[in-house]
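Q: Take a look at the following structure, please.
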Amino acid sequence: MKIQWSLILGLVFALITAIFAVINVNAVEVNLIFGVVNVPLILLILGSTLLGGLIVGSYGIYLQYRLQRKLKLAQAQLKQVQDATGYVFPEANTTEQAQQDSTQHKEI
């Protein structure tokens, strides 16, 4: 459901940006470090939006990668503790145990 809302909001934002860009088609001066460039405002708006989307997307991918690394490290530490102590947390076998419990209840 979260993906659907983010897709809808993304489309609404894209529509608003496109309308705003089409309304502003005048050429503007952009001061760069090495000089001044005349660029249509529509290209400047769309380029800025695209660059912002790329930056946000890259940051999101980086955060996802970092969280996956932390999860793998935590799982390795959990396995190490379980091997050292011989104790298995109840949450670790929930799917296997739930399947066994459901088959036992069906037999009774």
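Q: Answer yes if at least one residue in region 18-29 is part of a strand (DSSP E or B), surrounded by fewer than 10 Cβ atoms within 10 Å (Cβ to Cβ), without any contact (Cβ under 8 Å) to a residue 40 or more places away in the chain and not hydrophobic (A, V, I, L, M, F, W, C), and no otherwise.
A: yes
Q: Select, from GLY10, GLY60, the only residue that is within 30 Å of GLU91 (Cβ to Cβ), small (Gly, Ala, Ser) and surrounded by 10 or more Cβ atoms within 10 Å (Cβ to Cβ).
A: Unique residue meeting the criteria: GLY60.
This table checks each residue for (1) in a helix (DSSP H, G or I); (2) modelled with pLDDT of 90 or more.
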residue: GLY10; (1), (2): yes, no
residue: PHE13; (1), (2): yes, no
residue: VAL39; (1), (2): no, yes
residue: LEU46; (1), (2): yes, no
residue: THR49; (1), (2): yes, no
residue: GLN77; (1), (2): yes, yes
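The values are calculated or read from the model by the stated rules, or taken from the named source; none is laboratory data. Given the structure is predicted, the values throughout are model-derived calculations rather than measurements. Virtual Cβ from ideal backbone geometry, glycine too; neighbours counted across all protein chains shown.
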